[in-house]
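S.K.: Have a look at this one before I ask anything.
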């Protein structure tokens, strides 16, 4: 009794026709070594075909992964290039800022030295103005003292009013100069001296010949 031919499902494998043909051929034989070899051949071809399909699928997946990796690598390299460019730009900005800070530091030292010198000059001017004020104040006090009546004709020294007015003008000039430099102390000293001269000129002190107030001889 012959064995009925088995039913095989159609497949999209390119080797399926060969496999089906071998199995049909083996089913047509009554058995024996040839039928067995045909079945083994069909099974081997089918197994190899499946392994080939799996290998092709794996290869395709690997190729897809490789393509994705290449794309990621290109993206990473582009990002790396951008970061390197930013780093170089930041280095340049840092160098510029460092140079500006160093220049500002040098300028600050120059400014400090200049202000120190100006302070010393202002102090010297203030000391000189103070000395002038003391001397002029003493002179004004002497001018304000009336001479003794018994020695009016022999002991009177005449100080021209114009000299006092000139001194008054000099005080104004010095006060304006100190004000422009911000030296308030020296400015106030000069203004006090100017007011003292104003008071001496405005007081009712006797005036000598030629419009000059008398000054006692020392």
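S.K.: How much length, in nm to one decimal, is gained on full extension between residue 181 and residue 116, taken as 0.36 nm per residue of separation minus their Cα-Cα distance?
M.R.: 22.1 nm
S.K.: Can you give the FRET efficiency for residue 172 and residue 100, using 1/(1 + (r/R0)^6), R0 = 41 Å, r = Cβ-Cβ distance, to the nearest 0.05?
M.R.: Working: r = 45 Å, r/R0 = 1.09.
For residue 172 and residue 100, the calculated efficiency is 0.35.
S.K.: Oh, and also: What is the spin-label model distance, in nm, from residue 33 to residue 74 if the labels are put 7 Å beyond Cα along the C-beta direction?
M.R.: 6.1 nm
S.K.: If each residue of separation counts as 0.36 nm, what is the full-extension length gain between residue 192 and residue 83 once their alpha-carbon separation is subtracted?
M.R.: Here the segment from residue 192 to residue 83 would lengthen by 32.2 nm.
S.K.: Given labels modelled 7 Å from the Cα in the Cβ direction, how far is it in nm from residue 65 to residue 45?
M.R.: For the pair residue 65/residue 45, the computed spacing is 3.3 nm.
S.K.: Subtract the Cα-Cα distance of residue 107 and residue 56 from 0.36 nm times their separation in residues, and report this length gain in nm to one decimal. Don't skip to the answer; put the middle values down first.
M.R.: Working: separation 51, 0.36 × 51 = 18.36 nm, distance 7.52 nm.
Difference between extended and current length: 10.8 nm.
Any read-out appearing in this document is the output of simple, stated calculations on the displayed coordinates, not a laboratory observation. This is a predicted model, so every value here is computed, not measured. Using ideal geometry, Cβ is built from the backbone for each residue, glycine included, and neighbour counts are taken over all protein chains shown.
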